[in-house]
Amino acid sequence: MLYTFRTKLKSSFFILLSALSIGASAQSKYPQNYFRNPLDVPITLAGTFGEIRSNHFHTGLDMKTEEREGLIVHAAADGYVSRINVSGYGYGNALYITHPNGYVTVYGHLSRYNDVIMKYLRKIQYERQRFSVDIELKPGEIPVKKGDTVAYSGSTGGAEGPHLHFEIRDEKSEDPLNPMLFGLTTVDHEPPVIRGICIYPLNDSSNVNGKHTPLYIPAVRKEKGYGLEGDSEIRVYGKIGVGLSTYDMGEAGTGHNGPYSQLLLDGDDTVYLSKMDELSFGSIHYVNGHVDFKAFKKDSRTIEHSFQTDNDALDIYKRISHRGRITCKGGQEHKMEYVVSDFNNNVTTLPFTLHSDTKKGTISHDSLRTTTTIYWHKDFDYETKGMLLHIPEKVLFEDTRFRCTIDTSGRRVYSAVYSIGDKYIPFNNSYTLSIKPSAPLPDSIMKRAVIVQMDGNHVSYLGGTLEHGYVVAHPKNFGSFAIMMDDERPLIKPINIYKNKDMSRTSSIEVEITDNLSGIAAYNAYVDGQWILMEYNPKKNMIYYTFDEHVGKGSHHLKLVVVDNVGNTNVYQTDFTR
């Protein structure tokens with residue numbers, strides 16, 4: 001069949017209209033103008049729904065707050081406060097409001113709540129004697145009206161800067177939905193940017209330009225859309241997959257956010273169509289198999305597969321043909337095109353051609369050096385001297401070649417160093433790793449034993465429990481592992497307090513707490529024997545007590561107890577006056 005650009009353009013246009021109609025249909029399912037912008041400033045985004053993050057999809061909108069904290073956060077609609085979650089990690093100070101129309105709005109990284117919620121929160125924190133709390137409330141306890149001030153924006157938890165994380169969830173399923181489907185959109189006339197594509201051989205008999213390795217090709221901007229750098233020729237054979245590196249620009253070129261829709265065409269046929277309308281917490285961890293995990297971890301490059309791995313159970317795919325796998329043989333040409341859009345229907349395209357070879361060509365891969373294979377749909381058990389490994393079925397995304405080497409020359413460790421598999425293999429869950437010390441150790445030492453992952457000079461704590469002479473941990477990736485001992489107490493460094501200091505003109509007590517290996521497990525502070533609330537900011541390794549009614553005027557005694565994850569304890573005590 002003769003192929004012309006005009007024919008292809010016409011075909012793509014109608015397929016694109018069909019794809020966009022899916023978005024219009026999805027939007028019509030949800031109430032419009034029911035939820036208001038939770039901020040008083042226009043919505044501009046630092047992160048979009050479905051954007052790829054480390055080990056997860058982003059489940060809401062990150063709304064910019066003019067690079068500052070303290071902006072008023074309003075209830076998006078009538079309802080009641082159904083949950084208050086406070087943590088030094090994740091969403092930080094988070095608030096959940098349940099609405100009568102069957103949806104829940106979530107507000108994350110808050111600096112603080114309104115006075116009513118703060119009073120309720122402090123009461124629970126002092127009752128439980130914990131900073132981190134997760135509180136579920138009944139419908140009548142704290143009702144709110146649309147537009148009420150419920151909190152103030154901040155950068156608590158895992159936020160890298162001030163912003164408001166905002167979600168809308170289905171109350172019954174608890175699954176997050178794209179807030180833009182409810183009319184909470186932003187002004188945006190900028191089309192997505194395409195960085196490049198990657199071509200993948202998907203089985204042992206397939207190749208790309210004669211090799212059994214992925215081929216990444218940068219994209220360059222053309223007068224209309226994008227093209228491949230140097231008009232690169234791509235010769236392929238066998239089962240082939242394609243991946244796309246792209247991001248969405250906000251208005252005035254701000255932000256590198258995730259796109260809304262990705263469409264891959266093979267001539268007139270749709271190979272792949274994804275749209276970020278909703279996500280499921282039940283399958284959200286499959287993101288590691290959806291992206292090129294090696295490129296993401298090694299090169300900080302996000303490439304989304306336009307094909308499914310064997311154990312990919314994501315529900316973002318609106319259309320996918322043959323699991324996105326393209327059969328290339330017999331000298332055929334596959335006229336491919338990516339069509340990428342944001343929620344405002346700004347569209348970017350990238351055409352390219354796959355030239356099918358008539359024979360396999362020269363294939364280079366590492367199968368001859370393989371010791372064994374892990375099949376993704378079966379349990380896998382492996383044992384070698386001093387180490388046991390158990391990988392449950394469906395933890396890996398596809399069949400994986402496996403190797404294990406042992407190094408006994410380490411001086412800092414209490415076992416051999418076991419280098420297991422390839423650290424760039426993605427997992428969707430954890431497995432069980434058991435390591436035995438090189439020599440028997442007394443119980444007093446073994447209780448401080450932990451498993452660590454070693455990557456050059458970097459050591460990561462994985463934890464560990466003692467079972468039948470082994471230290472057992474549950475990693476979520478391959479790598480090099482060994483036993484180390486954590487026998488050092490956490491460090492306590494007072495920042496603005498010292499013995500007999502007059503704190504009457506100081507608003508808070510500030511202390512830095514750190515640990516050399518296993519990390520902080522718990523801390524408790526007491527003034528004159530009574531527990532006080534110290535808030536935790538792990539990004540700064542700081543804890544803070546803001547003076548309130550629990551500490552009055554006069555002389556006082558402070559006692560701070562900090563414990564790490566293997567039970568090492570440190571205590572700091574001092575006197576001060578108010």
>> What are the ³J(HN,Hα) couplings of the range 410-415, residue after residue, when phi is run through the Karplus curve with 6.51, -1.76, 1.60 and θ = phi - 60°? Round to Hz, x for glycine and proline.
In response: x, 9, 8, 10, 10, 8
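Of all accessible surface on the range 148-217 at a 1.4 Å probe, what whole percent is carbon and sulfur? Could the numbers behind the result be given before it?
On the way: 1180 of 2580 Å².
Ligands and nucleic acids excluded, carbon and sulfur reach 46 percent.
From the square roots a ≥ b ≥ c of the eigenvalues of the alpha-carbon gyration tensor of the range 267-323, which class results: rounded (a/c under 1.5), prolate (a/b over b/c), or oblate? Please list the in-between numbers first.
Working: a/c = 1.92, a/b = 1.26, b/c = 1.52.
It is oblate, given that a/c is not under 1.5 and a/b is not larger than b/c.
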> With axes computed from alpha carbons, what is the tilt in degrees of helix 115-128 against the longest principal axis of the chain, rounded to the nearest 10 within 0 to 90?
Replying inline: 70 degrees
>> Keeping every protein chain present and rolling a 1.4 Å probe, give me the accessible area per residue for the range 198-282 in Å².
In response: 39 Å²
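Tell me the trypsin sites (Lys or Arg not before Pro) within the range 127-184 that lie in a loop according to DSSP and have at most 13 other beta-carbon atoms within 10 Å.
On the way: sites: R128, R130, K145, K146, R169, K172; in loops: R130, K145, K146, K172.
Sites meeting the loop and neighbour criteria: K145, K172.
Quick check: from the Cα gyration tensor, does the chain come out rounded (a/c under 1.5), prolate or oblate?
Details: a/c = 2.54, a/b = 1.30, b/c = 1.95.
Because a/c hits 1.5 or more and a/b fails to exceed b/c, the chain counts as oblate.
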> Share of the range 257-387's accessible area from carbon and sulfur, percent, 1.4 Å?
Replying inline: 43 percent
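Using a/c under 1.5 as the rounded threshold, could you call the range 142-235 rounded, prolate or oblate? The axes a ≥ b ≥ c are square roots of the C-alpha gyration tensor eigenvalues, and prolate needs a/b larger than b/c, oblate otherwise. Write out the running numbers ahead of the final one.
Numbers: a/c = 3.07, a/b = 2.25, b/c = 1.37.
The shape class here is prolate.
Suppose only helical runs count, i.e. DSSP H with n ≥ 4. What mean residue ellipticity at 222 nm does that imply for the chain under -39500 (n - 2.57) per run, divided by all residues and rounded to the nearest 500 deg cm²/dmol?
Details: 5 runs with 53 residues, N = 578.
For the chain, the value works out to -2500 deg cm²/dmol.
So what is the accessible area of the range 299-413 per residue, in Å², with the probe set to 1.4 Å? Display every interim value, and only then the final one.
On the way: 6290 Å² over 115 residues.
Per residue, the range 299-413 has an accessible area of 55 Å².
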>> Taking θ = phi - 60°, what integer Hz values does the Karplus form 6.51 cos²θ - 1.76 cosθ + 1.60 yield along the range 196-205, in sequence order, with x for Gly and Pro?
In response: x, 10, 10, 10, 10, x, 9, 8, 5, 9
>> Using a 1.4 Å probe on the protein heavy atoms only, what accessible surface does D248 show? Give it in Å² to the nearest 10.
In response: 10 Å²
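In square angstrom, what is the accessible area per residue of the range 422-572 with a 1.4 angstrom probe?
Using a 1.4 Å probe on heavy atoms only, each residue of the range 422-572 averages 50 Å².
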>> Compute the angle between helix 5-28 and the longest alpha-carbon principal axis of the chain, please, reported from 0 to 90 degrees and rounded to the nearest 10.
In response: 30 degrees
> So, with a 1.4 angstrom probe, what is the percent of accessible area on the range 526-578 that is carbon and sulfur?
Replying inline: 46 percent
> Got a number for the accessible area of V104? Probe 1.4 Å, square angstrom, nearest 10.
Replying inline: 20 Å²
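The values are calculated or read from the model by the stated rules, or taken from the named source; none is laboratory data. This structure is a prediction, so every number in the text was calculated from the model and none was measured. Note that each Cβ is placed from the backbone with ideal geometry, even for glycine, and that neighbours are counted across all protein chains shown. Ligands, DNA and RNA are stripped out before the accessible areas are found, and what is left, the full protein with its side chains, is counted by its heavy atoms. Shrake-Rupley method; radii C 1.70, N 1.55, O 1.52, S 1.80 Å.
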